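Here the structure is laid out as structure tokens; the discussion comes afterwards.
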Amino acid sequence: MKAIIVDDETKSRQVLHALLELVCPEVVVAGEAADVQAGADLIAAAQPELVFLDISLKDGDSFQLLEKLPEMNFKTIFITAYDEYSVRALQFAAVPCLHKPVDPAELSAALKLLQKQSTATSASRVKEALLLLKLRFEALPVMQNGIQIVLPLSDLIYVEAMNPSTLLFATGNRLLNSDKHIDAYAQLLAPLGFVVGKRYCVNRKFLAAAYEDRLILNGGKTLLLKE
Amino acid sequence: MIYCRPAILILCLLLSTGSSSAQLRFDNYSVDRGLSASTVLDIMQSSDGFVWIATAEGLNRYDGHNFTVFRSRPQANTGLQDNYLTALAEDRLHRIWIGANDGSITLYDPRNAGFLRDPALKGFNPAQVPILSIKADTSGYVCWLLQQGGAWLAATKLPQINPIPLLPNDSTFMPYCMGFAPDGMLWLGGQGGIRVLNPASPERVQASWLQGSTVLALAFQGGSVFAATAAEGLQWIDRGMVRSINTPGSEQLFRNIIAMKVDSKGYLWCANNYFNGIQRFSIKGSELTQPVSCMHNAFNRESLVNNSVLCLEEDREGNVWIGTLSGLSVFKPLNQQYGLLRHIPGDPNSLSTGNTYGLFEDVDGSVWCGSLDGGINKVLPQGNIVHYGSGNTRGLPSNSVRSIYRDAAGRYWVGAGNDGLFRFFPESRRFVKAEVKTREGYTLQDLQVKSITEDGQGRLWLGTTAGLWKYQPDNNNLFHYDIMPGSLRNQPNLPDYQLMEVRYDARRKQLLCATFGHGLLVVDTEGRVLERISQNPESKKGLNSNNIMCVVPLGPDTLLLGTYGGGLNVLNRKDGNIQSLTTANGLSNDVVYGVLTDRRGNWWMSSNRGLMIYSPQTGMVQFLNQSSRVQSLEFNEGTYLKTGNGNLWFGGINGINYFRPEDLRINAMAPQTAITALRVMEKPFAFDSFYHLGKPIVLRHNQNFLRIDFTGLSFVNSAQNRFMYKLEGLDEIWIEAGNNRSAAYTNLPPGNYSFMVKSCNDDGIWSSGNALLEVHILPPYWRTWWFICLMLVLFVTLLLLAFRIRTAALRRNYQLTLAETELKALRGQMNPHFIFNSINSIQYYVLNKSAGEAYAYLAKFSSLMRQILQNSRFSFIPLDQELQSLETYLELEKLRLDGNLDYSITLDQGLRGAQVMIPSMIIQPYVENAILHGLTPMKDGKPHLSIAMEQTDTHVYCVVEDNGIGREQSKALNNLRRSRHESTGMSVTRQRLDMLNRRFKDKLSVEIMDLKDPQGNACGTRVAIYIPMNLHHEHEGHHRR
């Protein structure tokens, strides 16, 4: 599998290279780049199947790099020393992301995951993460019947678990389906001021009262927290 | 009887000739009006206006309304010693000396309302002989006489009363009476004549008079002295001469004199012990004239109350107070000036009856007076009364006489009973009935002739109960005129209506007929009705009432019409205009029986509520309704008269009043006002000492219900005294209290009050000063100044405490916040990105199997971590420690960036080795920032970072300078990033700086400057940090607190 590494630190690139040789010898590192422009050029030239991207680059970040590309026909693994913010978006979109110093086990797990995924799926998930970052977490990207919809968080009343998928209830009697697990929403929305539980993520804005066993929404709708 | 003076009991019928018939009228007070006992032995008006009355049982203080009685209390050491009181005097210190029958003298001091038995007054009278008299002068001497001889003098000027006996060795003299002359000399009269002493040198007799006589009483007038002797009548000592005064009566008159007094009007009053009452004389030169004898008459309640008079005193209003064996009689000259004729049974010189009618003045000035049931009284100009009644005349069918008239020819005509008209012959005491018929056959039989008048041609006009009649005595013709309007005309019988009064208008030759029920009819001399003035309900022009009681011309064109129920109507005959005067204008009654005008233009109206005096000039109405002035409140119709001498006469149901308004004096004496009682919470409060000493009464806050009684000490008509009062401190204005003598205040808030009250006598003369009672109501303790201060102090203390607690909390809070920012700063220093990148580098060395490099890196990394952790334990660290960790950090960064970083750290000479303390973790974030955002994104050139430390007097000055891409470009790059680019390190540092600057006086400051090359392109950033050097000390100071 042809891969490239984009990282602004030489040592990091070399470490990853060494690790790949150690853990996944089938991954062939076809090239390395240190900054945004070089990375983009390398991808265009090498047409890799897999790209390791350090989020933070010398002159920008790897999301800028991805935006420069006309299309994404490769799988992506993100690497970062520390970037909570971006990682939240990646996790929501279920894009593999490794932390430095890279754990060989994590690396091989990520590679295994991607092997099961199609390139298109991987790319669409990356795009979703990218969109979420672009929206600065002020709105949620939701796929509805193959169409990407953006739902402002202020319109989202609550998310209900319909395991494994979820239902999103929004203002104006809108009801959206999401194939994501409630946990993904819980992780994303908890820091954004939602009341989060096993069955529901509820926007505080629409919450009238909260009890141990149930939540009452403005307008009287009751959400039972237990079956 | 305690008066054992040598007196001969004689019953003499005095002064029955030559005395004026005018009776002196007295107001009488006895036990049933509150006097403690009927035997009145001495009377005195004190300087505060009260009248004090010594009786055989107790001391009375009279305030015009009530007698306040003081009695001795057995077993008590204070108070009066004896109740049988014989003498009273007020000394210069306003103490009242009270002499008693048991020989004691007690002093009453109004300042403490206490009766004082002065120890010095105990020894003078070992035999306990009754005190006969006490007199005090204005300069401070008090003299008293003992009944069985002996005179004592004491000077109250001295702090101590020191009585000395007077004339101790004079066996030829035994005093009975005494007085201080206006010049201050003390005159003693008694057996052996008169002795005159100077109280300042009492051992020497200044003069002696009448040494062979027995002097019973003395009276002073100016510089002269009257002495009543037992045998030589009245003697007058004037300018060193003794003269006998001629008296109209017998010399025996003065044998039983017990007291004499010359009053302020110059009358000599002689009080006669042993049943001879009072005699009053006018002093004309050396003669006594106008004798008036006042004796008790059981049928006359206004006569002297008893003929045994014991004492006599004049008050400041001129009222003469007479103490007798059975009560007190008070003569009030201001009431006496209203002449009053009454019926007194058994007194031939009084009216035959009180119910009077039909007053008429004869040519000689006598006044004829009819009556309901007493025939005719003729009041002669001297005042004597002659009766003409059925008993002593002939021809009078009954004693009812309604009208009397003397015609121009000198014939007397009388409307008697219900029997028509009579001719009256006073000389022969004969009445002859006018037996005459009209052409129609009508007679005056069974008619009451209410009014008789005469026209210019000798014809009599009669107002009767059956209308108007004309009688011509010369030819004995009688005419009846049917003057009634409408349906009442042409009746076969005589009309049944009353004509109350007929008056002839000589100028218009008209008769004015006042009818009862039909208004005023104007009739010509032929009996034709010219005009009818009556009530007109439709138009406002008209009389108030058709019941006319009297018609009185006022000037040529005005008629005063007294009505029954409509007040007074004033008719202008020229324009027919009618004005009215009713209770709405201030009259006390709407019945006006008669109207008279006086020379001042006032209208005097008789009514059922006394006399009403209306002043057309001022529109004011005054009233004459005092029981001691008017015969009664109810007057009679047709019974009013103005005589030629200007006297107004009004008759009523109980006599006749007559007076000349121009002669009436008013009571010009402003009354004294006194507070008589104070009740606090409805309980009597002893206030005298406060009142008399002018001290405020201090009450507790819950003693705030006051009732104050007061009085005006005018005794003429004390029931009509009026008051106004004001509680300074509460009332804004004076409150008119009318006749009420009490003021109540409830729920007075704490404060200082002055109660002031003024009084006014019955003639409207107000007291000039106020009676004043100051009351202080203390605030409750929670409103006292000390309590409020205490509370204030407590409050301030609490406030301070609260402030302290709050600041402590704030400081704690601040400390927490500071600690939090410090923690954040630490986290900023332990930049995860840096840490994991560093570890990543170590991983690289490990993977590359470069153990030495890995070890060195690890050592440096752990050294930095250690330094950071160490520094973070302190808010302030020494500058060199900070620099050391900065260096380590830079080394690591240099390694991470593969040596692609130059840096330099320079230190000012002065700072080397100096123990300068700076806030920890202040510089590093700027360094990191410079590397991350300034140097790392550099495309060309060698990144360089310099740290320079300098020292000024007060500050450490740290400059972090890089040659990176500059803030502008860095910002542009960051904006392109999708990942979060906010440098947490920088925001935490800013926060920390804010916290420190909030805390310390000396401020940290950071300046960031963009560096430009000569072409104007960005070539780096310079950050200058100013750190005050004494920040650390300030910090230490804070902590020590």
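No value in this document is a laboratory result; all are computed from the given coordinates. The structure displayed is predicted, hence computed values, not measured ones. Positions of Cβ are backbone-derived with ideal geometry, glycine not excepted, and every protein chain shown enters the neighbour counts.
Below are the figures for this structure:
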read-out	value
Computed over the range A:139-224, the ratio Rg/Rh where both radii use C-alpha atoms and Rh is Kirkwood	0.94
Of the trypsin sites (Lys or Arg not before Pro) in the range B:128-223, those whose Cβ has at most 16 other Cβ within 10 Å and which sit in DSSP loop	B:157, B:204
Value of Rg/Rh across the range B:247-356 [Cα atoms, Kirkwood radius]	0.97
Calculated SAXS-style log₁₀ I(q)/I(0) at q = 0.04, 0.08 Å⁻¹ - chain B, Debye, Cα scatterers	-0.48, -0.95
For the range B:139-153 versus the range B:616-634, the gap between their alpha-carbon centres in whole angstrom	48 Å
Average projection area in nm² (convex hull over Cα atoms of the range B:806-1040, one quarter of hull surface)	15.0 nm²
Kirkwood estimate for the range B:359-418, i.e. one over the average of 1/r between Cα atoms, Å	11.6 Å
Cα point-scatterer Debye curve for the protein assembly as shown, base-10 log of I(q)/I(0) at q = 0.08, 0.09 Å⁻¹	-1.05, -1.19
Inter-chain Cβ neighbour average for residues A:81-92, partner chain, 10 Å	3
Sum of -39500 (n - 2.57) over DSSP H runs of 4+, divided by residues of chain B (222 nm, nearest 500)	-5000 deg cm²/dmol
Estimated translational D of the range B:841-957 in µm²/s (Stokes, Kirkwood radius over Cα pairs; 10 °C; 1.306 mPa s)	102 µm²/s
Test item: B:834-845 mean partner chain Cβ contacts at 10 Å	6
nm² value of the averaged projected area, convex hull over the Cα atoms of the range B:917-961	3.5 nm²
The range B:26-337: equivalent-ellipsoid semi-axes (sqrt of 5 x gyration tensor eigenvalues, Cα, Å)	28, 26, 16
On Cα atoms only, tilt of B:984-999 relative to the major axis of chain B in degrees	40 degrees
Rg to Rh, two decimals, where the range B:776-836 supplies the alpha carbon set and Rh follows Kirkwood	1.60
Reciprocal of mean inverse Cα separation for the range B:673-783 (Kirkwood radius, Å)	14.2 Å
Pair residue B:364, residue B:531: separation of 7 Å Cα→Cβ label points (nm)	4.1 nm
Surrounding net charge for residue B:616, when Lys and Arg each add one and Asp and Glu each subtract one, Cβ distance under 12 Å	0
Two-site label geometry, residue B:781 and residue B:111: point separation in nm, points 7 Å out along Cα→Cβ	3.5 nm
Simple spin-label estimate for residue B:660 and residue B:1013 in nanometres, 7 Å along Cα-Cβ	13.9 nm
Span from the the range B:549-607 Cα centroid across to the the range B:186-233 one, whole angstrom	60 Å
Net charge over other residues, Cβ less than 15 angstrom from the Cβ of residue B:408 (K, R count +1; D, E count -1)	-2
Within the range A:109-153, backbone nitrogen closer than 14 Å to the virtual label 7 Å beyond the Cα of residue A:183 toward Cβ	none
Folded to 0 to 90 degrees: helix A:104-116 orientation relative to chain A principal axis, Cα	80 degrees
Residue mean of other protein chain beta carbons inside 10 Å, A:54-65	5
Principal axis dimensions, largest first and in whole angstrom, of the range B:143-235 by Cα	43, 30, 20
Average projected area [Cα convex hull, the range A:2-134], square nanometres	6.8 nm²
Signed unit charges on C-beta, dipole axis of the range B:832-983, positive-most listed residue B:836, B:970, B:899	B:836
Residues of the range A:149-170 with amide N under 12 Å of the 7 Å Cα→Cβ point at residue A:192	A:150-159
Lysine pairs meeting the criterion (Cα under 21 Å, 8 or more apart or interchain), as found in the range A:2-134	20
Extension gain from residue B:398 to residue B:538, taking 0.36 nm per residue of separation minus the Cα-Cα distance	45.9 nm
Burial ranking of peptide ranges B:921-928, B:954-961 (average Cβ count within 10 Å, highest at the top)	B:921-928, B:954-961
Student exercise, chain B dipole from Lys, Arg, Asp, Glu Cβ charges, in Debye to nearest 20	1060 debye
Charge sum, other residues only, whose C-beta stays under 11 Å from residue A:23's C-beta, Lys/Arg counted +1 and Asp/Glu -1	-3
About the Cα centre, charge dipole magnitude for the protein assembly as shown (Lys/Arg +1, Asp/Glu -1 at Cβ), debye	2160 debye
Nearest 10 degrees, 0 to 90: helix B:879-896 Cα axis against chain B principal axis	50 degrees
√(5λ) per eigenvalue of the Cα gyration tensor, chain A, largest first, Å	38, 17, 15
The range A:70-146 - Kirkwood radius from inverse mean 1/r over Cα pairs (Å)	13.1 Å
Residue list for the range B:1003-1024, given a label point 7 angstrom along the Cα-to-Cβ vector of residue B:904 and an amide N cut-off under 17 Å	B:1020-1023
At R0 = 45 Å, FRET efficiency that the Cβ-Cβ distance of residue B:754 and residue B:118 yields, to 0.05	0.85
